[in-house]
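The values are calculated or read from the model by the stated rules, or taken from the named source; none is laboratory data. Remember, it's a predicted structure, so these values are computed and weren't measured experimentally. Cβ placement follows ideal geometry from the backbone for every residue including glycine, while neighbour counts extend to all protein chains displayed. Calculation scope for accessible area: heavy atoms of the full protein, side chains included, ligands and nucleic acids excluded. Shrake-Rupley method; radii C 1.70, N 1.55, O 1.52, S 1.80 Å.
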Amino acid sequence: MGRSRCCVGGCSNVPGNGISLHTFPKEEKLRKQWIRSIQMTGSECSRAGWQGPSKNGSANAQLVCSEHFELTMFTMTTRTKWSLGLAYRTALIDEAIPTLFGDKVRKSNLDQVQARPVVRKREVRRILSDYNQKGQVDKSTAVTYTDAVPDLSPVNLGDMTANPPSTEFPVDAVELDMDMELDNSKRTVMQRATDSLRRCGLSLAEIITDRHLQIQKWIRENLPGTVHSFDVWHIGKAVKKKLLALSKEKDCNIVCKWMKSITNHLYWSAASSQGEEGSMIAAKWTSVVNHVQDIHTGHGDLYQQCTHGPLEPREWLKKGSKAAAKMEDILLNKRLCKDIKKLSTGFQTSTLESFHSVINHFAPKMTAYSFHGQMCRQYLAALHFNENVQRVKFVNDEMTFGYVKELLDMCIEICGEKNKLSTPAPPPLTSGKRKPTKVEVTSVIRASIRKINRFISVSCVILAVRHFGFTTVTSQSDHRLRTFPEIFPSFSVQ
């Protein structure tokens with residue numbers, strides 16, 4: 001049986017690459033409209049004498065591809081999934097008719113072809129730069145965002161005050177591309193954090209981050225005297241992800257057995273090179289390519305041989321095999337080896353990640369808190385983390401909550417002095433709406449009560465009629481029954 005193809009003249013599309021095939025409808029009237037539309041096509045794909053697919057013929061001759069249907073002929077679910085880039089199963093509406101033939105066929109599943117992300121971001125960057133150069137915004141085309149940009153400066157814990165800023169943005173710049181704001185978020189946080197440390201009189205000797213390209217560029221341009229190192233965990237995660245994908249390929253299952261050892265070797269390469277140059281870290285890292293092939297000498301000039309003792313028998317990679325060649329391409333990647341030279345040999349970001357986990361415990365992301373609630377929960381997370389950060393790892397050592405007693409004592413002392421901590425909070429979302437008067441509230445409540453009473457009285461009448469078998473009702477009940485035709489559609493008043 002041949003592969004399914006489109007039966008429209010001049011078209012031989014097969015399913016795949018955003019193209020789907022659809023069968024002729026079973027309804028006779030709609031089926032004739034499909035056939036008539038295909039018969040009336042242009043000269044290039046004319047099928048004037050075509051009588052339609054035979055009901056007893058091959059199923060491949062009864063299919064029409066999706067390029068011959070307008071976007072409005074597809075269901076809303078299908079179009080929504082197209083716009084979101086999700087996996088989908090194409091479905092037509094019940095009244096769909098093919099109308100696009102010849103040069104008019106549809107080449108995209110989107111209403112309009114979107115610009116490439118790189119081009120779009122470049123355009124946004126140009127508009128924002130023009131805005132910064134002008135320094136002024138037309139008030140008619142600007143919107144003021146209050147509390148839109150959080151103040152990341154240190155909060156004074158003494159008076160617990162925080163004043164949210166007010167910023168004006170051009171509407172076009174805000175609506176163009178929110179992805180650019182997400183890309184710049186890490187760089188903005190880094191800039192504000194360094195400015196905050198400078199105001200405290202601190203100098204930065206070393207900064208440890210992940211391999212974010214914009215962060216690297218910003219530190220290189222704005223902090224030339226600061227050493228920028230990379231966290232080992234982030235690089236190990238990226239290497240492990242690539243090795244896992246390689247282990248799923250044919251004849252590469254053995255790679256899965258070496259993933260943990262390779263990740264541990266990365267940590268060892270950084271931890272055992274304190275006080276040494278980055279080239280030594282890279283030399284130790286590249287030796288793992290020979291190690292997995294049972295070669296433990298002759299690695300290079302800086303690191304000539306492995307320092308481990310006798311090894312137990314294990315399954316080694318065969319030299320020249322597919323798995324060994326592809327693993328070597330991953331581990332000896334030029335950019336990866338360049339970044340490994342900048343691995344941090346001392347401090348890591350694991351402690352910061354642990355603190356973020358504690359914050360998520362006190363203030364889960366799926367729950368929305370008020371301004372004061374979120375701020376207080378972050379303070380509690382900091383107190384709890386600082387008290388238990390020195391707890392022995394991998395030991396059944398219970399957490400302590402000594403800070404709770406101190407907080408209660410402070411609360412009792414503050415309440416005894418009758419002092420109040422004033423913390424200005426952003427106005428509620430309903431502050432811009434008019435508060436209803438007492439008369440309006442009373443009228444709405446009374447209308448709701450009357451509606452409920454009417455519903456109860458009609459329900460009692462219906463139950464009585466069904467229970468006792470009455471065939472007639474009073475004029476008042478008849479009026480009430482006809483008032484709710486949507487509630488009792490099957491009840492007929494005689």
In the structure shown, of Lys237/Lys257; Lys237/Lys260; Lys237/Lys342; Lys242/Lys322; Lys250/Lys334, the pairs separated by more than 18 angstrom at the C-alpha atoms are Lys250/Lys334
Once the whole set of protein chains is in place, how much accessible area is left on His372, using a 1.4 Å probe, in Å² to the nearest 10? 70
Treating only the Cβ of Lys, Arg, Asp and Glu as charged (+1, +1, -1, -1), what charge dipole size does the range 202-277 show about its Cα centre? Round to the nearest 20 debye. 520
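Using the crude model of +1 on Lys and Arg Cβ and -1 on Asp and Glu Cβ, and no other charge, please compute the dipole size for the range 293-352 relative to its Cα centre, in debye to 20.
Numbers: 10 positive and 7 negative charges, 67 e Å.
Rounded to the nearest 20 debye, it is 320 debye.
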List the pairs from Lys32/Lys104; Lys81/Lys435; Lys186/Lys248 whose alpha-carbon separation is above 31 Å, in the order I gave them. Lys81/Lys435; Lys186/Lys248
Rounded to the nearest 10 Å², the accessible area of Thr72 using a 1.4 Å probe with every protein chain kept is 80
Cut-off 14 Å between beta-carbons: net charge of the residues surrounding Gln274, Lys and Arg +1, Asp and Glu -1: -2
Provide the solvent-accessible area of Phe401, counting protein heavy atoms only and rolling a 1.4 Å probe, rounded to the nearest 10 Å². 110
